[in-house]
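Data block below; observations after.
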Amino acid sequence: MTTEKIDNITVQTQANVYFGGKCISHGITFADGSKKSVGVILPASLTFNTGAAEIMECVGGACEYRLAGSDDWLLSRAGERFSVPAHSTFDIRVAAGCDAYHYICHFA
């Protein structure tokens, strides 16, 4: 099931802008102090580094991703998730002409 809204949060109003504007996100904090980010990735091919483990939830559009150490590109569409280990990297690509990839990044 795709997350459609998130209640009872504090939103970081200053956007995090990465890769020359190809990825834009906002940090959110819950009452218990846990954090997530909500954002979009425009058509591009990007490489991300992780500190904490992450679960990437697709809430709109689609992307292909490749985890560190793998040669395989996998598809993630709305309602799907993929996990990335801590202290790792992953590649993500959104094809030209496609809708932006809308996501929630759940930090583990």
Quiz item: Just how large is the dipole of the chain about the Cα centre, in debye to the nearest 20, putting +1 at every Lys and Arg Cβ and -1 at every Asp and Glu Cβ?
Solution: 200
Quiz item: So what is log10(I(q)/I(0)) for the stretch 1-52 at q = 0.22, 0.25, 0.31 1/Å, when the Debye sum runs over its Cα atoms only?
Solution: -0.96, -1.09, -1.22
Quiz item: By how many nm would the segment from residue 5 to residue 22 lengthen if fully extended, with 0.36 nm per residue of separation less the alpha-carbon distance?
Solution: 3.8 nm
Quiz item: On the first, second and third principal axes, largest extent first, how far apart are the outermost C-alpha atoms of the chain in Å?
Solution: 39, 30, 30
Quiz item: How high is the relative contact order of the stretch 1-57, in percent, with contacts defined as C-alpha pairs under 8 Å that are six or more residues apart?
Solution: 26
Quiz item: So what is the relative contact order of the stretch 27-108, in percent, for Cα pairs below 8 Å that sit 6 or more residues apart?
Solution: 44
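Values quoted throughout were computed directly from the atomic coordinates according to the rules given, and no laboratory measurement underlies them. Everything quoted here is computed from the prediction, not taken from an experiment. All Cβ positions, even for glycine, are placed from backbone atoms using ideal geometry, and neighbour counts span all protein chains on display.
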